[in-house]
Structure formats: C-alpha cells, structure tokens
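The values are calculated or read from the model by the stated rules, or taken from the named source; none is laboratory data. For clarity, every value in this text was computed on a predicted model and none was experimentally measured. Here the Cβ positions follow ideal geometry from the backbone for every residue, glycine too, while neighbour counts run over all protein chains shown. Keep in mind that these areas ignore ligands, DNA and RNA; they rest on the heavy atoms of the full protein, side chains included. Shrake-Rupley method; radii C 1.70, N 1.55, O 1.52, S 1.80 Å.
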Amino acid sequence: QVHLVESGGGLVQAGGSLRLSCAALGRIFSIGAMRWYRQAPGNQRELVAVITSGGSTNYADSMKGRFTISRDNAKNTVYLQMNSLKPEDTAVYYCNADCRASSGTNWVASWGQGTQVTVSS
C-alpha cells in the first residue's frame, strides 16, 4: 500500500511564498502522473497542477505563472512551489499520485492527508 505524506504548509502573508512537498512511501514499482489539488471551505476540490512521469506539466489558469510543480523521481516526491500568494489561495492542499506496486498490478490513485495553507491579507 502506498502512502502520500505532505509537508510544507503554513501561514504566510500575501505576496509570500511556500513550497509544498509530497513523498510517496511504501511498496512502489512505478509512479505515473502526480497532482496537487486544493479545497477551500465551502468549495469543491479543484485541480491545481499535474506533472507526468516524463515531466510534462499543466496548471489551472489561476495558478499559471505563480505556481510551479516539479518532481524528483529518485525520491518519489512531488513539489509545489507557490509564489505571489493571495488570500484566495487559502485552502487545504492535497497531493495525488497514480502508483503501481508491481509490473503486474493496476494503477491505483493514492491521496495524501492534506496540508493547510493560509494566506493573510
């Protein structure tokens, strides 16, 4: 079973930066796409950014130019660098990854527990 462990959230002033990390732990044969989502109170969970196993990236429009997703395949870790943060970026941020435990098993989508990001005005 794969566990995703997030870190790096916290309280920051508007205009500041934070870097989130998410490490995949457990029995892992390979990891496909890795994603960051966020959910603000009263809102649906929304996709922030995605990075493929080959390093291709895509972002939600409101994050383009401010957020950068990256990954270290040797460490089974995905990062989210967040710059020029705004109060509306306040949310719980979740990582998600498609993982396989062996070459003969199916891909399984795993989720982290979430990390709180609060941006004060």
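Please give the contour-minus-distance gain from Ser62 to Ser30: 0.36 nm per residue of separation, less the Cα-Cα distance, rounded to one decimal in nm.
Working it through step by step, the gained length comes to 8.5 nm.
Keeping all protein chains in place, calculate the accessible area per residue for segment 1-46 (probe 1.4 angstrom), answer in Å².
For segment 1-46, the solvent-accessible area averages 57 Å² per residue.
Carbon and sulfur: what percent of segment 23-94's accessible surface (1.4 Å probe)?
Ligands and nucleic acids excluded, carbon and sulfur give 46 percent.
So which cysteines of the chain have no other cysteine's Cβ under 4.7 Å from theirs?
So far as the 4.7 Å Cβ criterion goes, Cys99 stand without a partner in the chain.
Summing Lys, Arg as +1 and Asp, Glu as -1, what charge do residues with Cβ under 11 Å from the Cβ of Val78 carry, Val78 excluded?
Here the charged neighbours net out to +1.
I want the local charge near Met63. Using Cβ-Cβ distances under 13 Å, sum +1 for each Lys or Arg and -1 for each Asp or Glu among the other residues.
+1
Distance between the C-alpha centers of segment 73-121 and segment 1-54? Whole Å please.
1 Å
Over the chain, what is the relative contact order in whole percent, taking alpha-carbon pairs under 8 Å and six or more residues apart?
Once divided by the residue count of the chain, the mean separation gives 37 percent.
Among the chymotrypsin sites (Phe, Trp or Tyr not before Pro) in segment 67-119, which ones are in a DSSP loop with at most 14 other Cβ atoms within 10 Å of the Cβ? Mind listing them?
Trp107
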